[in-house]
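The next block holds one structure in the form of structure tokens; read it before the comments.
The values are calculated or read from the model by the stated rules, or taken from the named source; none is laboratory data. Predicted, not measured: the structure shown is a model, and the values here were computed from it. Cβ placement follows ideal geometry from the backbone for every residue including glycine, while neighbour counts extend to all protein chains displayed.
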Amino acid sequence: MTKTILIVEDEKDILNLIEWHLRAEEYEVVKADDGIKGLELATKNLPDLIVLDLMLPGMDGLNVCKALKKNPKTENIPVVMLTAKGEEVDRIVGLELGADDYMVKPFSPRELTLRVRAILKRFDQKPDASEETRLKYRDLLIDTDSYRVWVREQEISLTVTEFKLLLELLQNKGRVRTRDQLLDRVWGYHFDGYARTVDTHVRRLRQKIGEEYADAIETVRGIGYRFKE
Ligand code: CA
């Protein structure tokens, strides 16, 4: 599928140069030469990526970027910021603004094209991050991206092993996981005598997630564990 790139840049030569290089790579290009138009086009066309100049008439790149990140429709569109030497690169890279990358002028359009492609590829790998990485069971919330867990909005602290154990059980809700399966999936290996390790970790996990959810992890005697439907 053809990707659309929005370029917001008031210097005509640079705008045309970037456009030419992106079109040569078969991207669709939409253009704006000031910040306000750029923001309008971004909201209307929802491009796959935005190349955004910092110093712009109308509204500068920082404010355009802030506005993009505030709008749920545009907040996930990656932004590559263009800056001139000496501009406040630190603030931009500080991700305070949510820009994904930046390039300092004068830059090689070829380099820009490579970065655009790399960023698009990265974003394709995890579409719609916010939803996909979150698992919910009643008031138990797991974020698989950041390895964080909340019970009734209260964050609880789990070790990586406990986290993986919980995730493995929850992802297989309703099905029994044997101790060997859990060792394979959570620890990555298993050998005789290690089944007890699983029991110990399950016990600790139950304590941490609290009574209500501890009961959701059922012991299937002689076999393993099951997260209740
Ligand atoms: Ca400019």
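Among all residue pairs at least 6 apart or on different chains, which show Cβ distances below 7 Å where the first residue, located in the stretch 10-24, is assigned by TED's automatic domain parsing to the domain that holds F107 and the second is within 15 Å of the ligand (Cβ to nearest atom) and β-branched (V, I, T)?
L15/I7; I18/I7; I18/V51; E19/I7
Of the residues that make up the stretch 52-72, is at least one within 21 Å of Y27 (Cα to Cα), surrounded by fewer than 17 Cβ atoms within 10 Å (Cβ to Cβ) and either in contact with a helix residue (DSSP H, G or I) (Cβ under 9 Å, 6 or more places away or on another chain) or at pLDDT 90 or above (or both)?
If we filter the stretch 52-72 for residues that are within 21 Å of Y27 (Cα to Cα), which is where we start, we get 52-53.
The next check asks that each one be surrounded by fewer than 17 Cβ atoms within 10 Å (Cβ to Cβ); those that pass are none.
There is no residue in the stretch 52-72 that is within 21 Å of Y27 (Cα to Cα), surrounded by fewer than 17 Cβ atoms within 10 Å (Cβ to Cβ) and either in contact with a helix residue (DSSP H, G or I) (Cβ under 9 Å, 6 or more places away or on another chain) or at pLDDT 90 or above (or both).
When you check K37 against the structure, is it within 16 Å of the ligand (Cβ to nearest atom), surrounded by fewer than 21 Cβ atoms within 10 Å (Cβ to Cβ), assigned by TED's automatic domain parsing to the domain that holds D13 and in a helix (DSSP H, G or I), yes or no?
On the way: within 16 Å of the ligand (Cβ to nearest atom): yes; surrounded by fewer than 21 Cβ atoms within 10 Å (Cβ to Cβ): yes; assigned by TED's automatic domain parsing to the domain that holds D13: yes; in a helix (DSSP H, G or I): yes.
Yes; evaluated as a whole, the condition is true for this residue.
Do the conditions hold for V8, that is, is it modelled with pLDDT of 95 or more, touching a Gly at 6+ places or on another chain (Cβ under 9 Å) and closer than 18 Å to V104 by Cα? Walk me through how you get there before you give the answer.
Numbers: modelled with pLDDT of 95 or more: yes; touching a Gly at 6+ places or on another chain (Cβ under 9 Å): yes; closer than 18 Å to V104 by Cα: yes.
Considered against the rule, which asks whether it is modelled with pLDDT of 95 or more, touching a Gly at 6+ places or on another chain (Cβ under 9 Å) and closer than 18 Å to V104 by Cα, V8 comes out as yes.
Tell me, yes or no, whether the stretch 23-32 has at least one residue that is among the charged types (D, E, K, R), more than 24 Å from the chain's Cα centre (by Cα) and closer than 21 Å to Y102 by Cβ. Outline the logic, then answer.
Filtering the stretch 23-32 down to residues among the charged types (D, E, K, R) leaves 23, 25-26, 28, 31.
From what's left, more than 24 Å from the chain's Cα centre (by Cα): 23, 25-26, 28, 31.
Checking which are closer than 21 Å to Y102 by Cβ leaves us with 25, 31.
Scanning the stretch 23-32, I find at least one residue that is among the charged types (D, E, K, R), more than 24 Å from the chain's Cα centre (by Cα) and closer than 21 Å to Y102 by Cβ, so the answer is yes.
Would you mind stating whether V29 is buried (at least 19 other Cβ atoms within 10 Å of the Cβ) and assigned to a strand (DSSP E or B)? Give the derivation first.
Working: buried (at least 19 other Cβ atoms within 10 Å of the Cβ): no; assigned to a strand (DSSP E or B): yes.
Criteria not met by V29.
Has the stretch 13-25 got at least one residue that is within 12 Å of the ligand (Cβ to nearest atom) and surrounded by 23 or more Cβ atoms within 10 Å (Cβ to Cβ)?
Taking the stretch 13-25 first, the residues within 12 Å of the ligand (Cβ to nearest atom) are 13-15.
Going one step further and asking which of them are surrounded by 23 or more Cβ atoms within 10 Å (Cβ to Cβ), we end up with none.
No, the stretch 13-25 has no match at all.
Quick check, is L49 under 19 Å from K73 (Cβ atoms), more than 16 Å from the ligand (Cβ to nearest atom) and touching a residue at least 12 places away in the same chain (Cβ under 8 Å)?
Details: under 19 Å from K73 (Cβ atoms): yes; more than 16 Å from the ligand (Cβ to nearest atom): yes; touching a residue at least 12 places away in the same chain (Cβ under 8 Å): yes.
In short, yes.
Just checking, does the stretch 17-25 include any residue being part of a strand (DSSP E or B), of a type outside the set (F, W, Y) and closer than 23 Å to L62 by Cβ? Walk me through it before giving the result.
Looking only at the stretch 17-25, we keep the residues that are part of a strand (DSSP E or B), and these are none.
No, the conditions are met nowhere in the stretch 17-25.
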